[in-house]
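The values are calculated or read from the model by the stated rules, or taken from the named source; none is laboratory data. The shown structure was predicted, so the numbers you read here are calculated from the model rather than taken from an experiment. Note that we place each Cβ from the backbone using ideal geometry, even for glycine, and neighbour counts take in every protein chain shown. Heavy atoms of the whole protein, side chains included, go into the accessibility calculation; ligands, DNA and RNA do not. Shrake-Rupley method; radii C 1.70, N 1.55, O 1.52, S 1.80 Å.
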Amino acid sequence: MTALVIGASGLVGGALCRALGHTAVGTYRDRPIPGLIQLDAHDEAALRRILDDVDPSTVFFPAAEPNVDWCELHPDDAYVANVVPAISALALSVSRRAAFVFFSSDYVFDGEAGPYDEEARTRPLSVYARHKRDVEERVLEAGGTVVRTTTVFGSEQPPGKNFVVRLVTRLRVGDEVTVPFDQFSTPTWSDDLARATVAVAARGGVWHAAGPDYLARDAFARLAAEVFGVDPGLVRPVSTADLRQPARRPLHAGLRTDKLERETGIRFVPLRVALERFRDQRSAAESPA
């Protein structure tokens, strides 16, 4: 049974390929990585060819443009980036009777009463979030699986883009980093996310897959700094309003994972443990052979 991971050069896609092992075929768009196949998911003909060649039983679609503020400022381009290829991949997968797994976000909620379970009413505040919600609806109508997650960190091909990598890189050179104290979430280690996603891929419906710790973004930053041995005093708390970001953020977001734990037995490791394991992975990767 073969899995196709569209967007395997990214953080979540890379973790999925590691979790799936030899059963996974991964693609990249513009970040070449040995072992991956080049694919622009906007090219429907190319997408059809790779599905024909791989004949996957499951298609995972972590590929996305995650820059929330860019999406807010370029809504039409964001639609082309985040909706069009996902819908094409969904339709082609369904036509081949392959399970389809789409990754969404706690940003589909308004942040008034998080953390949220799968039954909570969605109310997206931004272009990015509305597009995620729109694809969710199409995937669920087609019998696919939606995995919502949030604030994902972990090992990825350089240059790393996730929050922890960027934070530690700046703190190591003595830069002060402003981080909002009023945005709450449940930070998620990519390796745990991948393991949970594989477990629910064929089940259909909505699943929340996120870490167990609910905390503010600045507290997360200080904990990451402490674990990685850099100065947490360089983390400067600010309000979200002070950041003047184009896209609205859900302030009290985050995800509950009771359904995942109840139906699969999977529990994510505590945040400190996840950060320590990620730190050790980076140290091993950076050590000379």
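Details
- Axis of helix 271-286 versus longest Cα principal axis of the chain: the two differ by about 80°, to the nearest ten degrees.
- Scanning the chain for GluC sites (Glu not before Pro) in DSSP loops with at most 13 neighbouring Cβ atoms within 10 Å leaves 177-289 as the longest stretch between them.
- Ranked by how many other beta carbons lie within 10 Å on average, peptides 238-244, 25-31, 56-62, 157-163 from highest: 56-62, 25-31, 157-163, 238-244
- Charge tally in the Cβ shell below 15 Å around Asp76, where Lys, Arg are +1 and Asp, Glu are -1, Asp76 excluded: -3
- Cα lying deepest toward the dipole's positive end in the chain, options Ser57, Thr151, Ala78, charges on Cβ: Ser57
- The equivalent ellipsoid of region 141-187 has semi-axes of 29, 16, 6 Å, largest first, where each one is the square root of 5 times an eigenvalue of the Cα gyration tensor.
- Placing a label point 7 Å from the Cα of Ile266 along the Cα-to-Cβ direction, the residues of region 190-230 whose backbone N falls under 14 Å of that point are 190-212.
- Heavy-atom accessible area for Ser185, with the other protein chains in place and a 1.4 Å probe, reaches approximately 10 Å².
- Calculated from the alpha-carbon coordinates, region 54-141 shows an Rg and a Dmax of 13.7, 43 Å respectively.
- 11 Å beta-carbon shell around Ala19, net charge (K/R +1, D/E -1): 0
- Neighbours of Phe109 by Cβ distance under 14 Å: Lys/Arg scored +1, Asp/Glu scored -1, total +2.
- For Thr178, distant residues with modelled amide H under 5 Å away: Arg236
- Share, in percent, of DSSP beta bridges within region 89-228 that are antiparallel, nearest 5: 15 percent
- The three principal axes of the Cα atoms in region 133-266 give end-to-end lengths of 48, 29, 27 Å, sorted in falling order.
- Exposure check, 1.4 Å probe, all protein chains in place: Arg272 carries approximately 100 Å² of accessible surface.
- Computed over region 1-160, Cα set: Rg, Dmax in Å: 15.2, 46
- Computed from the alpha carbon positions, the gyration tensor of region 110-179 leads to an equivalent ellipsoid with semi-axes of 31, 16, 11 Å, biggest first.
- Magnitude of the charge dipole, region 35-108, Cβ model with Lys/Arg +1 and Asp/Glu -1, debye to 20: 460 debye
- For Ser104, the residues whose modelled amide H falls within less than 5 Å of its own, excluding neighbours fewer than 5 places apart on the same chain, are Val147, Arg148, Thr149.
- Normalised per residue, the accessible area of region 85-216 is 39 Å², obtained with a 1.4 Å probe and no contribution from ligands, DNA or RNA.
- Here the dipole of region 185-268 is about 340 debye; that uses its Cα centre as origin and unit charges on the Cβ of Lys and Arg (positive) and Asp and Glu (negative).
- Full extension of the chain between Ala285 and Thr2 gives 99.1 nm of extra length, using 0.36 nm per residue less the Cα-Cα distance.
- Whole-number D in µm²/s for region 1-75 (Stokes-Einstein; Kirkwood sum over Cα pairs; 37 °C, 0.692 mPa s): 256 µm²/s
- When both region 15-52 and region 128-158 are represented by their alpha-carbon centers, they are found 18 Å apart.
- Along principal axes, Cα extents of region 213-276, largest first, whole Å: 41, 32, 13
- Heavy-atom accessible surface of region 153-289: percent carbon and sulfur, 1.4 Å: 49 percent
- MRE, 222 nm, helices only [DSSP H, n ≥ 4, -39500 (n - 2.57), over the chain, to nearest 500]: -12500 deg cm²/dmol
- Accessible area of Leu73 in the full protein assembly, 1.4 Å probe (Å², nearest 10): 110 Å²
- The chain, dipole about Cα centre (Lys/Arg Cβ +1, Asp/Glu Cβ -1), debye to the nearest 20: 340 debye
- Remark: the chain projects, on average over all directions, an area of 14.6 nm² (convex hull of Cα atoms).
- Hull-based mean projected area of region 244-289, where the convex hull spans the alpha carbons, in square nanometres: 6.6 nm²
- Remark: accessible surface ordering of Thr23, Thr197 (largest first) is Thr23, Thr197, probe radius 1.4 Å.
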